[in-house]
1. Under the 0.36 nm per residue contour assumption, what length would be gained going from the current alpha-carbon distance of residue A:105 and residue A:871 to full extension?
2. Which FRET efficiency value, to the nearest 0.05, is calculated for residue A:777 and residue A:712 with the Förster distance at 45 angstrom and r the Cβ-Cβ distance?
3. Sort A:394, A:245 by Cβ crowding within 10 Å, fewest neighbours at the top.
4. Quick one: pull the percentage of alpha-carbon pairs in chain A with a separation above 47 Å.
5. Let me check I've understood the local charge: for residue A:311, count other residues with C-beta under 10 angstrom from its C-beta, Lys and Arg +1, Asp and Glu -1. What total comes out?
6. Of all the Cα-Cα pairs you can form in the stretch A:258-333, what percent are over 19 Å apart?
7. Could you go through the stretch A:613-629 in sequence order and give the Karplus-derived ³J(HN,Hα) for each residue, using 6.51 cos²θ - 1.76 cosθ + 1.60 with θ = phi - 60°, rounded to whole Hz, and x for Gly and Pro?
8. What is the fewest-to-most order of A:481, A:204, A:258 by other Cβ atoms lying within 10 Å of their Cβ?
Amino acid sequence: MNYPFKKIEKKWQEYWLKNKTFKAEQFSERDKFYILDMFPYPSGAGLHVGHPLGYIASDIIARYKRNKGFNVLHPQGYDSFGLPTEQYAIQTGQHPAVTTEENIKRYRYQLDRMGFSFDWDREIRTSDPGYYKWTQWIFSLLFNSWYDTKSDRARSIKELSEFLEKNGTKKLYAYTNEDYDEISSKTWLSSDEKFKQEFILKFRLAYLSDSYVNWCPGLGTVLANDEVVNGLSERGGYPVEIKKMKQWKLRVSSYAQRLLNGLEEIDWPEPLKEMQKNWIGQSHGARVKFKIKGSKNLIEVFTTRPDTIYGVTFLTLAPEHKLVKDLTTKSNLGNVSQYISKIAKKNEKERLKDVGEISGVFTGTYAIHPFTNKKIPIWISEYVLVEYGTGAIMGVPCGDQRDHDFAKFFKIPITNIFKGVDVSTFAYTEKETFNLINSGFLNGLGFNKAFNKAVESLENINAGKNTITYKIRDAVFSRQRYWGEPIPIYYKNDLPYLIPKENYPVKLPEITKYLPTEDGHPPLGNSKTWAWDTLNKKIVDNKKIDFLNIFPIEKNTMPGWAGSSWYFNRYMDPNNDEFFVDKSALDYWKDVDIYIGGTEHSTGHLIYSRFYQYFLYDLGYVPSQNFAKKMINQGMILGESAIIYKSKKNKNFVSAGIADKNDSIPLHVDIKLVNEKNQLNINEFKNWQEQFKNVKFELENGKFFVDREIEKMSKSKFNVVNPDQICDDYGADTLRMYEMFLGPLEQSKPWNTAGITGVYNFLNKFWRLFHDDKKFCVYEKPSSIESLKILHKTIKKVNSDIDSFSLNTSVSAFMIAVNELSKQNCKNRDVLEPLVILLSPFAPHICEELWFLLGNQSSVSSCNYPIADEKYLINNIKNYPISFNGKMRFNLEISIDLNEDEIKKIVLNDKRTNKYLGNNKPKKIIVVINKIVNIVY
RNA sequence: GCUCGAGUGGUGGAAUUGGUAGACACGUUGGACUUAAAAUCCAAUGAGCAGCAAUGUUCGUGCGGGUUCAAGUCCCGCCUCGAGUACCA
């Protein structure tokens with residue numbers, strides 16, 4: 001007999017919803033516990049079995065913490081702005097809001113079926129105007145802030161203007177990665193509005209700038225660095241080009257050092273921290289200024305090896321470097337412009353492909369070495385990146401392999417500066433052991449001393465300084481899309497100004513076409529009345545005349561991560577219309593205790609969120625610098641997909657064993673059409689898609705085989721397993737426990753239903769424990785010591801497992817307990833009742849039902865979690881050390897209630913003792929009171 | 001190339017962090033119940049050798065060394081797979 005999971009699950013899901021069982025108290029005397037999942041993007045495909053893995057783990061912990069007496073905040077919501085919905089809108093004309101609503105309904109249905117204990121009263125959606133009102137507000141704060149490098153925090157722009165009025169740029173410690181001219185307070189005060197605004201823009205944390213961005217023509221929008229994978233867009237896989245465009249950016253780079261340092265303070269997985277470290281990419285070095293022969297300009301380069309300054313034999317500029325034009329001599333102009341236009345035509349993918357190929361061109365101009373005054377040729381090459389460092393490098397062929405290759409290729413001399421090293425074929429890149437030669441005042445020094453002395457001397461002649469450079473770039477914040485938050489900016493004389501706060505949310509206009517306008521503006525330009533509706537009356541004096549032309553409004557929208565970078569704060573007070581979160585709520589909930597999600601967001605969402613949180617902390621809006629104290633990365637659940645081969649020659653489908661794989665196109669087929677022996681059901685395949693109706697097959701011994709591959713679950717690979725199916729067949733509790741049983745949470749693993757019957761059998765067995773021939777049956781009399789021991793051992797194990805997130809081993813512990821209790825035919829309340837509570841975080845539906853059958857009125861989620869009673873844990877078997885001639889050899893399991901003679905007998909009979917002693921009879925065996933056994937022979 | 005992570009039965013995976021490797025589950029085989037099947041229950045199950053048998057014995061945690069009374073676990077050198085990153089000066 002199987003337990004009636006369908007009936008039970010429906011009953012309790014309705015009960016929880018009706019009674020708001022999992023509502024978090026807004027304020028409480030109890031300790032808070034905030035456990036959060038990364039909220040999903042509600043795509044049209046619905047959830048697959050991979051999505052719930054993290055949700056199940058967090059739900060188990062949430063329920064466990066509730067039973068432990070914490071006031072638990074366990075919310076869920078939707079990251080509902082995004083590209084796929086918009087693409088769908090472009091194709092069908094359906095409003096993205098409608099599609100989003102439908103998708104969310106489906107997600108909610110699927111989530112509810114799995115019995116998650118989310119507090120749905122706190123649901124948030126990033127596309128909800130009541131939410132993005134505050135996303136816009138945070139943008140306004142970023143726009144109105146700059147980074148003070150002296151006090152190391154963000155401050156308001158007002159303070160910056162005041163400073164400039166008073167002091168000009170003298171002793172201004174403000175972060176910027178743009179050039180500016182020093183000015184006095186006098187000049188500042190006499191400057192016009194346009195100059196001031198443009199100047200201040202160089203310091204704003206949200207700023208507009210002409211820069212090289214990843215332009216994706218396929219999607220018609222720009223993308224941030226983390227949204228580009230291998231030169232293709234992360235969404236859709238379209239080619240990406242580098243293009244110079246005026247775009248909104250966030251000055252994330254100003255926080256580089258704090259983002260790096262902060263990693264020490266948070267309990268996040270090491271691999272993830274490592275990835276963030278690499279992404280931030282700190283490197284210590286120096287900026288060195290080179291004078292140019294016949295020019296007043298200076299070239300500034302960044303190097304991590306100022307110690308090799310005497311090995312410089314050329315300088316190289318990035319093709320986009322701003323001095324390229326000035327430095328190119330007339331006779332070289334032809335070559336240079338040809339080279340530059342060739343580089344400019346390349347898209348990101350071609351550029352990646354050419355990495356390693358050497359190319360470059362000579363400008364005809366020479367720089368002057370700061371110490372030797374020798375002439376150094378200035379080159380241009382694409383291996384120097386304009387966005388990193390200063391966009392220029394000093395070429396030291398003896399100490400850097402790329403410089404070495406470049407010098408050799410263009411026959412530039414290679415000067416050796418390392419004693420006793422041959423640099424004719426390879427550069428010498430070791431830092432640890434060398435002595436410098438041919439290096440003037442650095443001769444005889446090693447790396448550290450030479451580094452410091454070189455920097456010092458450069459500083460003395462005002463030709464360089466110590467610098468730390470980071471790889472992390474400012475994040476492009478504009479998207480030429482419809483389905484995102486409007487950026488609350490309007491323009492006056494081409495200068496950006498904030499739309500005043502009172503107008504937030506700046507709502508998306510209603511439009512019918514989601515494509516860009518004909519003159520190339522983003523889709524928001526399709527609305528003629530939007531700007532007026534948005535800015536009404538507050539900016540212009542009641543005059544609608546030619547409004548759009550006088551005060552154009554920003555038509556770009558924000559990227560997907562704008563809404564997701566602060567949502568964890570909003571859950572604390574999700575319906576507040578007065579403020580992004582009430583201060584009292586922030587003071588109580590503070591930060592996320594455990595954040596669960598995948599590593600795929602390590603360089604996107606998780607960096608931006610940390611940046612937002614630091615920023616809000618600097619302005620005093622949030623109490624914690626780090627938004628999540630602890631993070632767990634759940635592994636991906638992979639799907640098994642089937643690959644079929646289509647011959648390039650005759651377009652036939654060829655069985656996998658005989659297919660020429662170099663000469664055929666591999667295609668994904670629905671894994672459901674393939675049996676366990678990798679045989680394809682040809683008839684079903686023909687009916688599967690219209691295009692395959694009349695194709696021909698080349699069989700292998702009369703059969704047709706496909707290859708299998710384990711890969712990420714995705715609709716396009718036809719390998720998606722839907723959790724609804726599992727819920728139908730086995731129930732939600734089985735699905736929950738099985739996903740945990742599959743292996744360690746952090747590990748990626750292929751989905752395989754082979755073992756699911758094991759978990760299902762366990763739950764049935766558990767159910768039978770409370771039943772006698774279909775009738776509920778539990779004894780009131782006390783149970784045996786053996787049963788109590790099993791119970792308490794399990795309680796201890798499960799508690800410590802959940803505390804260490806080892807949820808797979810606790811499932812095993814439950815299986816062992818139930819097996820043993822069934823064997824003992826234990827049906828006593830004193831054992832079964834605690835066991836129900838113990839299991840309830842894992843299998844909540846069945847436990848609620850049994851809890852109810854046991855005669856309890858309230859939900860099992862509101863009672864105390866059992867604590868192991870030490871008295872039952874005293875194991876009668878314990879490991880005791882055995883020593884031979886006083887030296888420890890091994891541990892032996894001995895019953896604690898045995899007397900000395902019995903212990904001696906066991907020791908002598910143990911095979912390891914025998915092995916060790918051989919034929920030597922022991923002279924004496926000493927059993928010390930605390931049961932250390934000494935054998936003397 | 002660089003930076004992480006991982007390699008344990010037919011399979012997913014345990015192993016108190018240096019202490020009798022293979023818990024738990026799947027699968028397989030055999031048995032009980034049944035007219036039969038399903039379900040359930042019981043037993044066996046790393047490999048080899050010896051034995052009718054209980055049992056004994058050798059080899060076994062990717063490969064090769066090392067430390068230790070004792071290594072899946074620690075150290076050195078490789079191999080393979082996975083993830084991230086990529087002309088970062």
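1. Working: separation 766, 0.36 × 766 = 275.76 nm, distance 5.06 nm.
Additional length available on full extension: 270.7 nm.
2. On the way: r = 48 Å, r/R0 = 1.06.
Working from the Cβ atoms, E equals 0.40.
3. Working: A:394 25, A:245 14.
Going from least to most buried by this count: A:245, A:394.
4. Working: 193338 of 438516 pairs.
That tail contains 44 percent of the Cα-Cα pairs.
5. Values: positive: A:305; negative: A:307, A:400, A:403.
Local net charge: -2.
6. Numbers: 1634 of 2850 pairs.
Counting pairs separated by more than 19 Å, the tail of P(r) holds 57 percent.
7. My calculation for the stretch A:613-629 gives 5, 4, 4, 5, 5, 4, 7, x, 8, 10, x, 10, 6, 10, 6, 9, 5 Hz in order.
8. Fewest-to-most ranking of A:481, A:204, A:258: A:258, A:204, A:481.
A short reminder: the numbers here are calculations on the coordinates, not readings from a lab. This is a predicted model, so every value here is computed, not measured. As a convention, Cβ positions derive from the backbone with ideal geometry for all residues, glycine included, and neighbour counts pool all protein chains shown.
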